[in-house]
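Engineer: Take a look at this one; I'll ask things after.
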Amino acid sequence: MNQTKTISKTSNLSLIIQFALFLGLAIGAPFLGNQLLTGTIVNGLLVISAYSLGFRGAMLIALLPSSISLFVGLLPVAMAPMVPFIIMSNILLVLVVSKFRGRNYFVGGVSAAFVKAIFLFVISYIMFNLFLTGPGAKIASSMMGYMQLLTAMLGVLVAYPFVKNIK
């Protein structure tokens with residue numbers, strides 16, 4: 001019985017350490033200042049988190065990087081209204097990856113990347129055509145297009161070596 005408690009405590013400690021590590025990396029990534037690099041790292045971390053921490057843990061990690069990207073200047077100020085939707089898209093990515101866990105990794109990853117990108121494209125199209133105007137709107141709109149799909153796909157590829165042995 002004592003051995004079971006020790007294993008359980010060790011397992012919980014391991015999850016806490018993983019969560020703290022992934023959260024720290026996700027928070028730190030926006031400070032790199034490059035959307036391709038930051039997006040790839042964050043999306044990769046979200047996929048790894050979904051596999052190792054489960055949906056709830058990964059969802060918590062999905063909440064912060066976009067807000068930090070806004071504060072460090074990676075996202076233009078015109079993007080501030082998009083932050084809640086970017087957070088939702090990250091949660092969608094985690095949800096789809098979690099639903100495909102135990103099945104074909106790449107089908108799940110590509111599906112998750114497309115769900116995230118399509119969601120953001122539709123929301124940004126609505127936001128930038130109905131509510132936001134000016135020179136920043138065009139830049140912001142392009143950030144929500146193909147770059148979201150590209151960074152999500154790259155994140156899925158980067159995450160694969162880390163998750164391929166997680167059951």
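Engineer: Output the number of residues of the range 90-125 satisfying the condition of being touching a helix residue (DSSP H, G or I) at 6+ places or on another chain (Cβ under 7 Å), more than 16 Å from Leu154 (Cα to Cα) and of a type in the set (S, T, N, Q).
Structural biologist: Here the count works out to 2.
Engineer: Kindly indicate whether any position in the range 93-100 is on the phi < 0 side of the Ramachandran plot, modelled with pLDDT of 95 or more and touching a Lys or Arg at 6+ places or on another chain (Cβ under 7 Å).
Structural biologist: Yes, because at least one residue in the range 93-100 is on the phi < 0 side of the Ramachandran plot, modelled with pLDDT of 95 or more and touching a Lys or Arg at 6+ places or on another chain (Cβ under 7 Å).
Engineer: List the number of the failed condition for Met153; all other conditions in (1) modelled with pLDDT under 85; (2) under 27 Å from Phe100 (Cα atoms) hold.
Structural biologist: Of everything listed in (1) modelled with pLDDT under 85; (2) under 27 Å from Phe100 (Cα atoms), Met153 misses just condition (1).
Engineer: Another question about this same structure. Just a yes or no: is a residue in the range 62-85 closer than 17 Å to Leu23 by Cα, in contact with a Ser or Thr (Cβ under 6 Å, 6 or more places away or on another chain) and either among the hydrophobic types (A, V, I, L, M, F, W, C) or assigned to a helix (DSSP H, G or I) (or both)?
Structural biologist: Taking every residue of the range 62-85 in turn, none turns out to be closer than 17 Å to Leu23 by Cα, in contact with a Ser or Thr (Cβ under 6 Å, 6 or more places away or on another chain) and either among the hydrophobic types (A, V, I, L, M, F, W, C) or assigned to a helix (DSSP H, G or I) (or both).
Engineer: Going by the structure shown, is Leu75 in contact (Cβ under 8 Å) with a residue 60 or more places away in the chain and more than 10 Å from the chain's Cα centre (by Cα)?
Structural biologist: yes
Engineer: Then there's this: When Ala137 is evaluated against the numbered criteria (1) among the hydrophobic types (A, V, I, L, M, F, W, C); (2) touching a Pro at 6+ places or on another chain (Cβ under 8 Å); (3) modelled with pLDDT under 75, which criterion, by number, is the only one it fails?
Structural biologist: The single condition Ala137 does not satisfy is (2).
Engineer: Quick check on this structure: which one of Leu23, Leu45, Leu92, Leu15 is part of a helix (DSSP H, G or I), in contact with a Phe, Trp or Tyr (Cβ under 8 Å, 6 or more places away or on another chain) and surrounded by fewer than 20 Cβ atoms within 10 Å (Cβ to Cβ)?
Structural biologist: Leu92
Engineer: Next up: In this structure, does Ala58 turn out to be of a type in the set (Gly, Ala, Ser) and under 12 Å from the mean Cα position of the chain (by Cα)?
Structural biologist: Yes: the conditions hold for Ala58.
Engineer: What pairs come out if I take residues in the range 102-124 that are closer than 16 Å to Ile48 by Cβ and pair them with residues that are in a helix (DSSP H, G or I) and of a type in the set (D, E, K, R) whose C-beta lies under 9 Å away, six or more apart or interchain?
Structural biologist: Gly108/Lys99; Ala112/Lys99
Engineer: Another question about this same structure. Give me the pairs: first residue in the range 25-45 and over 17 Å from Val97 (Cα atoms), second residue aliphatic (A, V, I, L, M) and outside any helix (DSSP H, G or I), beta-carbon distance under 7 Å, and six or more apart or on different chains, which are they?
Structural biologist: If the second residue must be aliphatic (A, V, I, L, M) and outside any helix (DSSP H, G or I), the pairs left are Ala26/Leu64; Ile27/Leu64; Pro30/Leu74; Gly33/Leu74; Gln35/Leu74; Thr38/Leu74.
Engineer: Check Leu63 against each of (1) at pLDDT below 90; (2) surrounded by fewer than 23 Cβ atoms within 10 Å (Cβ to Cβ); (3) aliphatic (A, V, I, L, M); (4) over 11 Å from the mean Cα position of the chain (by Cα) and name the one condition it does not meet.
Structural biologist: The single condition Leu63 does not satisfy is (4).
The values are calculated or read from the model by the stated rules, or taken from the named source; none is laboratory data. Being a predicted model, the structure only gives us computed values, none of them experimental. Neighbour counts run over all protein chains shown; Cβ positions are idealised from the backbone, glycine included.
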